[in-house]
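**Student:** My questions will all concern the structure given below.
The values are calculated or read from the model by the stated rules, or taken from the named source; none is laboratory data. Owing to the predicted nature of the structure, the values given are computational and were not obtained by experimental measurement. Don't worry about glycine lacking a Cβ; one is built from the backbone with ideal geometry, like all the others, and counts go over all protein chains shown. To get the accessible areas, we keep the full protein, side chains included, count just its heavy atoms, and leave off ligands, DNA and RNA. Shrake-Rupley method; radii C 1.70, N 1.55, O 1.52, S 1.80 Å.
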Amino acid sequence: MATDAIDSIALDPEAAQGDRIPRHGNLTSGPIMTTLVRFSAPTLMANVLQSMNGTINAIWVGRMIGGSALAATANANVVMFLVFAATFGFGMAATVKVGQAFGAGNIDAARRTFGTALGFCFGLSLIVAVVGWFGAPWLLHAMSTPPQVLGFALAYLRVVFIAMPAQMITVMLSMGLRGAGNSAMPLRMMIIAVVLDVALNPLFIGGFGPVPALGIAGSALATTIASTITMVVFVTVLYARDLPLRLKGQELTYLIPELGELRYIVIKGLPMGAQMLLVSMASIVMIGLVNREGAIASAAYGAALQTWTYLQMPAMAISAAVSAMAAQTIGARMFDRIDAITRAGVVLNLAIGGAMTMLLLLFDRPVLELFLGAHSPAVALARHIQFLASWGYVLFGVTIVLFGTMRAAGTVVPPLFVLGISMFPGRLGFYQLAHPALGMDALWLSFPVGSIIAVALAYASYRLIPWRKRIEAEIAARKF
């Protein structure tokens with residue numbers, strides 16, 4: 001049995017990391033909750049660091065260059081988010097299949113999948129970098145970027161496009177290793193990237209000694225240098241420590257996408273990338289609706305969004321951990337363990353997400369004043385928004401955890417429909433119906449209403465769709 005092989009390897013404290021599964025990479029044995037907490041904690045810390053990096057860099061740009069430059073980075077980041085959405089889906093699809101192969105004890109199959117994903121996404125990033133460099137003016141004009149912001153945004157965006165191939169390699173390595181049960185190494189690489197980026201930003205923006213002041217392009221250059229150095233360190237560590245997904249000798253041919261592997265990655269990856277696009281589109285629509293309510297509402301909502309970013313992080317990290325654990329469990333044919341993993345993820349999300357929401361609501365004024373200032377008239381409205389809408393993110397976290405398990409089984413289309421229904425007919429439909437009676441409050445209440453719809457549909461999908469039978473048959477038909 002594949003499970004016996006995994007357990008025998010996992011019990012060997014001196015297990016080599018080449019063609020055998022290291023003990024810390026096995027997510028199919030031991031107490032489920034303990035494994036889930038241990039595995040999700042580094043991912044959560046990496047997400048927090050990444051958000052803090054963006055916040056600190058925004059402070060550098062805003063303080064050293066001005067509001068127009070800060071607006072330029074916001075415009076450029078919208079473009080980059082859309083670009084990374086599709087590649088995120090491909091990476092998640094590869095992570096799932098790597099996890100399944102890992103669970104089955106077949107390291108070569110994991111390397112084949114990882115090689116195809118890395119080669120495909122790296123090639124795609126090269127194309128996007130070239131097209132993005134030349135097409136950046138058109139993209140910014142299509143977004144109606146204000147003239148006073150356009151020059152800043154163009155300089156920033158073009159340099160960021162140059163960084164894309166290095167960033168793509170780092171992202172794929174991180175996602176692949178998480179599928180292989182290693183979430184600690186991606187965290188270490190994130191620490192390196194964030195420290196470098198935060199330190200280099202003011203140096204290249206304002207100049208120092210022989211380093212010229214490059215302004216907004218300097219901020220993008222700092223990110224490019226940090227990304228490149230992190231990528232080089234990551235690849236070096238991958239081979240120096242002989243981690244399971246390193247490719248050597250004949251295995252380097254796995255970087256040439258194999259048709260069967262590529263078909264799986266694209267078919268499963270596109271719906272997952274589309275989920276991110278749906279969320280982004282709904283967010284853009286909501287910002288437009290909020291802007292209609294005036295400047296104070298826009299400022300209050302902007303501050304609330306900053307806090308909600310951190311509220312969503314536990315669910316995202318737990319969902320990724322649940323997906324990796326479920327994928328390995330499926331590969332090991334331990335199907336009776338799947339529901340227990342999902343339950344542990346839901347409980348952990350409710351505990352952490354609920355605690356964070358309570359803390360936010362208890363200390364909301366000082367937190368919001370960090371973004372708005374102590375005397376801003378938007379603080380009172382921002383507090384009102386928090387009390388009406390924040391708790392919905394705890395429910396939405398349950399949805400994300402359920403999606404994590406289904407994603408591990410390769411079930412990716414139903415979650416796309418659930419998100420589409422909850423965010424558009426659900427959230428926006430509620431707003432349209434309730435706005436005449438509730439006014440501005442219809443906006444804030446639409447968030448928990450959408451979350452209730454999402455969790456109900458997600459639970460129905462999890463229970464009623466026969467995805468378990470399908471994945472059991474699919475795994476039984478595979479060679480590993």
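**Student:** Give Gly450, Gly404, Gly426 a once-over and let me know the one that is modelled with pLDDT of 90 or more and more than 22 Å from the chain's Cα centre (by Cα).
**Tutor:** Details: Gly450 fails: more than 22 Å from the chain's Cα centre (by Cα); Gly404 fails: more than 22 Å from the chain's Cα centre (by Cα).
Exactly one residue qualifies, and that residue is Gly426.
**Student:** Ok, one more. How many of the residues making up region 216-230 are open to solvent by less than 20 Å² (accessible area, probe 1.4 Å), under 18 Å from Met172 (Cβ atoms) and among the aliphatic types (A, V, I, L, M)?
**Tutor:** The number of residues fulfilling the criteria is 1.
So that you can scan it fast, the table gives a plain yes or no per residue for (1) in contact with a Lys or Arg (Cβ under 9 Å, 6 or more places away or on another chain); (2) closer than 14 Å to Ile453 by Cβ; (3) open to solvent by 30 Å² or more (accessible area, probe 1.4 Å); (4) not charged (D, E, K, R):
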residue	(1), (2), (3), (4)
Gln386	no, no, no, yes
Ile400	no, no, no, yes
Val413	no, no, yes, yes
Leu419	no, yes, no, yes
Met423	no, yes, no, yes
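**Student:** Among the residues of region 420-458, how many are within 26 Å of Arg343 (Cβ to Cβ) and assigned to a loop (DSSP other than H, G, I, E, B)?
**Tutor:** Qualifying residue count, region 420-458: 0.
**Student:** Any residue at all in region 399-419 that is part of a helix (DSSP H, G or I), over 19 Å from Met92 (Cβ atoms) and in contact (Cβ under 8 Å) with a residue 40 or more places away in the chain? Show your work before the answer.
**Tutor:** Of all residues in region 399-419, those part of a helix (DSSP H, G or I) come to 399-408, 413-419.
Imposing the further condition that a residue be over 19 Å from Met92 (Cβ atoms) reduces the set to none.
Within region 399-419, none of the residues are part of a helix (DSSP H, G or I), over 19 Å from Met92 (Cβ atoms) and in contact (Cβ under 8 Å) with a residue 40 or more places away in the chain.
**Student:** For the structure I just gave you, tell me whether Asn75 is modelled with pLDDT of 70 or more, under 26 Å from the mean Cα position of the chain (by Cα) and surrounded by 15 or more Cβ atoms within 10 Å (Cβ to Cβ). Quick ask: steps written out before the conclusion?
**Tutor:** On the way: modelled with pLDDT of 70 or more: no; under 26 Å from the mean Cα position of the chain (by Cα): yes; surrounded by 15 or more Cβ atoms within 10 Å (Cβ to Cβ): yes.
The answer is no for Asn75.
**Student:** Just checking, how many residues over region 176-192 are part of a helix (DSSP H, G or I) and buried (at least 24 other Cβ atoms within 10 Å of the Cβ)? Quick ask: steps written out before the conclusion?
**Tutor:** Step one: filter region 176-192 for residues part of a helix (DSSP H, G or I), giving 176-179, 184-192.
Keeping just the survivors that are buried (at least 24 other Cβ atoms within 10 Å of the Cβ) gives 176-179.
Going through region 176-192 one residue at a time, the tally reaches 4.
**Student:** Sticking with this structure for a sec: Suppose the filter is within 23 Å of the chain's Cα centre (by Cα), within 23 Å of Met45 (Cβ to Cβ) and either open to solvent by less than 60 Å² (accessible area, probe 1.4 Å) or among the aliphatic types (A, V, I, L, M) (or both); does Met316 pass it?
**Tutor:** Values: within 23 Å of the chain's Cα centre (by Cα): yes; within 23 Å of Met45 (Cβ to Cβ): yes; either open to solvent by less than 60 Å² (accessible area, probe 1.4 Å) or among the aliphatic types (A, V, I, L, M) (or both): yes.
Spelling it out, Met316 is indeed within 23 Å of the chain's Cα centre (by Cα), within 23 Å of Met45 (Cβ to Cβ) and either open to solvent by less than 60 Å² (accessible area, probe 1.4 Å) or among the aliphatic types (A, V, I, L, M) (or both).
**Student:** So, one more: How do the pairs read when you match residues in region 429-441 that are more than 14 Å from Leu289 (Cα to Cα) with residues anywhere that are in a helix (DSSP H, G or I) and modelled with pLDDT of 90 or more, using Cβ under 7 Å and keeping only pairs 6 or more apart or on different chains?
**Tutor:** Pairs found: Leu438/Leu445.
**Student:** Might you check whether a residue that is of a type outside the set (S, T, N, Q), under 15 Å from Val159 (Cβ atoms), outside any strand (DSSP E or B) and open to solvent by 40 Å² or more (accessible area, probe 1.4 Å) occurs anywhere in region 231-246? Give the derivation first.
**Tutor:** Looking only at region 231-246, we keep the residues that are of a type outside the set (S, T, N, Q), and these are 231-235, 237-246.
When the remaining residues are screened for being under 15 Å from Val159 (Cβ atoms), the result is none.
No: region 231-246 contains no residue that is of a type outside the set (S, T, N, Q), under 15 Å from Val159 (Cβ atoms), outside any strand (DSSP E or B) and open to solvent by 40 Å² or more (accessible area, probe 1.4 Å).
**Student:** Also, I was wondering about something else. How about region 429-447: which of its residues are of a type in the set (A, V, I, L, M) and under 26 Å from the mean Cα position of the chain (by Cα)? Break it down stepwise before answering.
**Tutor:** Keep residues of region 429-447 that are of a type in the set (A, V, I, L, M), which gives 433-434, 437-438, 440, 442-443, 445.
Leu443, Leu445, listed by residue number.
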